[in-house]
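**Q** Below is the structure I would like to discuss, written out as structure tokens.
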Amino acid sequence: NALYDEWARWKGLTVNSLFTLFQLYESEGGCTQQQIADKLQQHKQTVSALLDKMEERGYICRLTRENDRRSKRVTLTEEGRALAGSLRENLSSVEVDVLGNMTPLERAGLVDGSERFLFLLRERYQKEKDRAAAEKSPQNH
């Protein structure tokens, strides 16, 4: 993520605003603030401040939902959609170029290693959750 953070800063954005632009670009009809917070794994208040800045820059707009006035739908403006599309295309081009400079064996190793890492990370995370739940259970008190 550090490289994406650096790339985003080079483009005048934060990594969270970059990923938010991408999330909105890929969604049909926009997202709620909560959906963005969940995807970024950030607090809703942090995302609210991020969206305030993005709105000031003209990248997004917030639409009040008819069925729930407290919930707003976040969508890209024309300027935001153009920026997100351009950034997405640029970043994809760089990633494809880098992958093209790797041998098939190296690419396979990257995929296999990443899959294994995520499997082990999920397994460890589940063990931590189970341990924390066991510590909270009344039997242990």
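The values are calculated or read from the model by the stated rules, or taken from the named source; none is laboratory data. Since the model is a prediction, treat every value here as computed from it, not as a measurement. Here the Cβ positions follow ideal geometry from the backbone for every residue, glycine too, while neighbour counts run over all protein chains shown. Remember, those area values only see protein heavy atoms, side chains included, never the ligands or the DNA or RNA. Shrake-Rupley method; radii C 1.70, N 1.55, O 1.52, S 1.80 Å.
**Q** Could you do me a favour and compute the accessible area per residue for the stretch 1-44, 1.4 Å probe, result in Å²?
**A** 63 Å²
**Q** Among the complete DSSP H segments of the chain, which ones combine at least 20 Å of alpha-carbon extent along their axis with a mean Kyte-Doolittle hydropathy of -1.0 or more?
**A** 78-100, 104-136
**Q** Separate question: Which lysines have a Cα lying under 23 Å from the Cα of LYS127, excluding residues fewer than 8 positions away in the same chain?
**A** Cα-Cα hits under 23 Å: LYS39, LYS136.
**Q** Only four residue types carry charge here, +1 at the Cβ of Lys and Arg and -1 at the Cβ of Asp and Glu. Report the dipole size of the chain about the Cα centre in Debye, rounded to the nearest 20.
**A** Dipole magnitude for the chain comes out near 620 debye.
**Q** Here is a further query. Could you check the spin-label model distance between GLU26 and LEU120? Points 7 Å from the Cα along Cα→Cβ, value in nm.
**A** 2.6 nm
**Q** Leaving out ligands, DNA and RNA, what percent of the accessible area of the stretch 1-117 is carbon and sulfur, probe 1.4 Å?
**A** Summing carbon and sulfur atoms, their accessible area is 50 percent of the total for the stretch 1-117.
**Q** Cross-link partners among lysines for LYS44, C-alpha distance below 19 Å, same-chain residues fewer than 8 apart left out?
**A** Reachable lysines: LYS53, LYS72.
**Q** Which of these values of semi-axes √(5λ) of the Cα gyration tensor in Å was calculated from the structure shown: [x] 53, 19, 11; [y] 31, 28, 12; [z] 32, 18, 12?
**A** Matching entry in [x] 53, 19, 11; [y] 31, 28, 12; [z] 32, 18, 12: [y].
**Q** Right, something else. Work out, step by step, the length gained on full extension between ARG131 and LYS39: first 0.36 nm times the residue separation, then minus their alpha carbon distance; give nm to one decimal.
**A** Gain in length upon complete extension: 30.6 nm.
**Q** If you take every residue apart from GLU135 with its C-beta less than 12 Å away from the C-beta of GLU135, what net charge results, scoring Lys and Arg +1 and Asp and Glu -1?
**A** +1
**Q** Can you tell me which aspartates and glutamates have their Cα less than 20 Å from the Cα of LYS11? Leave out same-chain residues fewer than eight positions away.
**A** Those aspartates and glutamates meeting the cut-off are GLU26, ASP52, GLU55, GLU56, GLU78, GLU79, GLU89, GLU95, ASP97.
**Q** Using a Gaussian network model of the chain whose springs link C-alpha atoms within less than 10 Å, name the residue from LYS129, LYS72, LYS44 with the highest mean-square fluctuation.
**A** LYS129
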